[in-house]
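Trainee: Just dropping this structure here.
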Amino acid sequence: MKRNMTFKLREIGARTGGYVAVLFAAALVFASPALACSCAQMTPEEKVEASNAIFVGKVQRTLHSDSEGSDGGYTIFTVTEMLKGQATDGEAYVSHAFNLGGNCGVDFTEGTEIFILAAADPESGNLRTNSCLMTGFEPDEIRAVLKRQTQSAP
């Protein structure tokens, strides 16, 4: 009896093993790329260099893009302190993707004051930010870099 049961288990394993192999191969072929934000480690100096605008601003409102399939929009800030760049009439419009779990997006909460680093889009010139610019630093580190730059400027 034991021998007959062992044979049956091997037979079942052989049949299902083939199915498992086919399912595994299909998963590899049809797998979609994972959503992941990969940011190169940037020093505060590199963040300042990459940013066309650095400011402290209060979030007025965030608007979602009208474009179909877009995961972004822009946020309007009342600039309370401009550290690099220029603000128009005390406001800054910054486009960004929304944080959808791994897409480098950022979310802003209305009424909060936040330290913003933003780069100009090469095509439009509009300010744009993402989680790579917005994380991994303390505001005092950025202020110190800006201070050193102004002290060393001719």
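The values are calculated or read from the model by the stated rules, or taken from the named source; none is laboratory data. Just so it is clear, the model here is predicted, and its values are computed rather than measured. With ideal geometry, Cβ positions are generated from the backbone for all residues, glycine too; neighbour counts draw on all protein chains shown.
Each row is one residue, and each column tells you yes or no for (1) surrounded by 12 or more Cβ atoms within 10 Å (Cβ to Cβ); (2) at pLDDT below 95; (3) touching a helix residue (DSSP H, G or I) at 6+ places or on another chain (Cβ under 8 Å).
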position: 39; (1), (2), (3): yes, yes, yes
position: 53; (1), (2), (3): yes, no, no
position: 60; (1), (2), (3): yes, no, no
position: 64; (1), (2), (3): no, yes, no
position: 67; (1), (2), (3): no, yes, no
position: 87; (1), (2), (3): yes, yes, no
position: 96; (1), (2), (3): yes, yes, no
position: 104; (1), (2), (3): yes, yes, yes
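Trainee: Filter segment 78-120 for residues that are in a strand (DSSP E or B) and farther than 27 Å from residue 148 by Cβ and give the result.
Mentor: Across segment 78-120, the qualifying residues are 78, 88, 91, 93, 95, 96, 97.
Trainee: While we're on this one: Answer yes or no as to whether residue 77 is in contact with a Gly (Cβ under 6 Å, 6 or more places away or on another chain), buried (at least 16 other Cβ atoms within 10 Å of the Cβ) and under 16 Å from residue 61 (Cβ atoms).
Mentor: yes
Trainee: Which condition does residue 143 not pass, out of (1) surrounded by 14 or more Cβ atoms within 10 Å (Cβ to Cβ); (2) among the charged types (D, E, K, R); (3) under 17 Å from residue 72 (Cα atoms), if it passes all the others?
Mentor: With (1) surrounded by 14 or more Cβ atoms within 10 Å (Cβ to Cβ); (2) among the charged types (D, E, K, R); (3) under 17 Å from residue 72 (Cα atoms) applied to residue 143, the lone miss is (3).
Trainee: Residue by residue through segment 107-125, note down the ones that are of a type outside the set (Gly, Ala, Ser) and more than 15 Å from residue 55 (Cβ to Cβ).
Mentor: 107, 109, 110, 121, 122, 123
Trainee: Sticking with this one: How many residues does segment 121-154 hold that are assigned to a loop (DSSP other than H, G, I, E, B) and either out of contact with any Lys or Arg (no Cβ under 8 Å at 6 or more places or on another chain) or not aromatic (Phe, Trp, Tyr) (or both)?
Mentor: 13
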